[in-house]
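Novice: What follows is a single structure, and I will ask about it in a moment.
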Amino acid sequence: MKDVTAIQPTPLDGIRYFTPPEGFVLTGRDGRVEIPWEGRPPIPLLEEDFPVAAESGAPDYDMVGRGIYQALRLNPDCVRAFEYACVLKEAYPHIVSELGGQIIMLDAREVDTPYLDRKINLLKIMALFDPANAGLCLEIARTFTEKGSRLATLHQAVTGWYGAERFLKRALELDPADRHAAYEYGEALYVLGRYDRAAEVWAEALPLMQGSEKARVEARIAAILAGRLPLVPPLDYLTALSLAVEEHHAGRCDEAAAIIEDVLGDPVFAAQFPMNEVYYLLGSCYQEMGMVKEAAEAFKRS
């Protein structure tokens, strides 16, 4: 049988892994924490804590807590992440509470790309604490969707939408009766160009829906079955629009405008996806090219 302790830990900036001596027991909180470490993975420590731990022979309670927390914040998908999360959940309630507070803070403000990445990592840690929580998976997916939809973050559209698809699938596995997750899962599949599968997912969710919501989903299914689809998968258009943003930033407004015009030339895609930001970008390109009338028309539609 393969020795799982031999699996190499994930390299992380600012983290060094410490293998405690045989018989090491993590203790703290005035005796309320007592966790034998035998069979557990190497302990991630902050680089500045590692020499102190090495000199004393083992890290103390605070060193272990801040090292694990930082490792999971850097990469909640790291090797043995679930085991590290279990230690935090069992031994560091103050860190778990702080984590929840940070997520609430991020929800209360308009956040840019680094904050979205941070929010995803924090939610993934929470999901390690509670792997059966469908709501957490749905919230992670929605944050990935936001990353994959904002004009400023379209360079991450591929990772955003594939990440959303993965966590929406997991959310539905945990709660098959969640019609919101079902609709959003179908939408992610649609964006990825998996139209037939999107129609299947939506059809399965129809009994959970009523009124205008049901009618809207039925219309989407009918369009797929009738072949009224974007000329290329929507994800390809989103990737193209990210190139338009880059061209605009580089001062090549004619190239940017040409890309945007090509994308907007697909009436199915343009009708199905919010294009306000895109029209504003197009108007900015026209304005900088001296095309005043065209710029005004684009700005009107933004």
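Novice: Given the conditions (1) out of contact with any Pro (no Cβ under 8 Å at 6 or more places or on another chain); (2) part of a helix (DSSP H, G or I), report the number of the one that Val268 does not fulfil.
Specialist: Condition not satisfied by Val268: (1).
Novice: Just need a number here: residues in the range 265-274 that are surrounded by 13 or more Cβ atoms within 10 Å (Cβ to Cβ) and more than 22 Å from the chain's Cα centre (by Cα).
Specialist: Looking only at that region, the number is 5.
Novice: Of Leu229, Leu225, Leu206, which residue is modelled with pLDDT of 95 or more, more than 30 Å from the chain's Cα centre (by Cα) and within 30 Å of Ala177 (Cβ to Cβ)? Walk me through how you get there before you give the answer.
Specialist: Values: Leu229 fails: more than 30 Å from the chain's Cα centre (by Cα); Leu206 fails: more than 30 Å from the chain's Cα centre (by Cα).
Within the list Leu229, Leu225, Leu206, the selection yields Leu225.
Novice: State the number of residues belonging to the range 237-263 that are more than 26 Å from the chain's Cα centre (by Cα), buried (at least 20 other Cβ atoms within 10 Å of the Cβ) and either part of a loop (DSSP other than H, G, I, E, B) or not hydrophobic (A, V, I, L, M, F, W, C) (or both).
Specialist: Going through the range 237-263 one residue at a time, the tally reaches 1.
Novice: Name the residues in the range 162-193 that are of a type in the set (Phe, Trp, Tyr) and closer than 19 Å to Pro233 by Cα, would you?
Specialist: Tyr162, Tyr183, Tyr185, Tyr190
Novice: Something else now. Let me spell it out: the conditions are (1) in contact with a Ser or Thr (Cβ under 8 Å, 6 or more places away or on another chain); (2) farther than 22 Å from Leu106 by Cα, and Gly193 meets all of them except one. Which number is the exception?
Specialist: Condition (1) is where Gly193 drops out.
The values are calculated or read from the model by the stated rules, or taken from the named source; none is laboratory data. Just so we're clear, the structure is a prediction, and the values are computed from it rather than from any experiment. In this analysis, Cβ positions are derived from the backbone assuming ideal geometry, glycine residues included, and neighbour counts consider all displayed protein chains.
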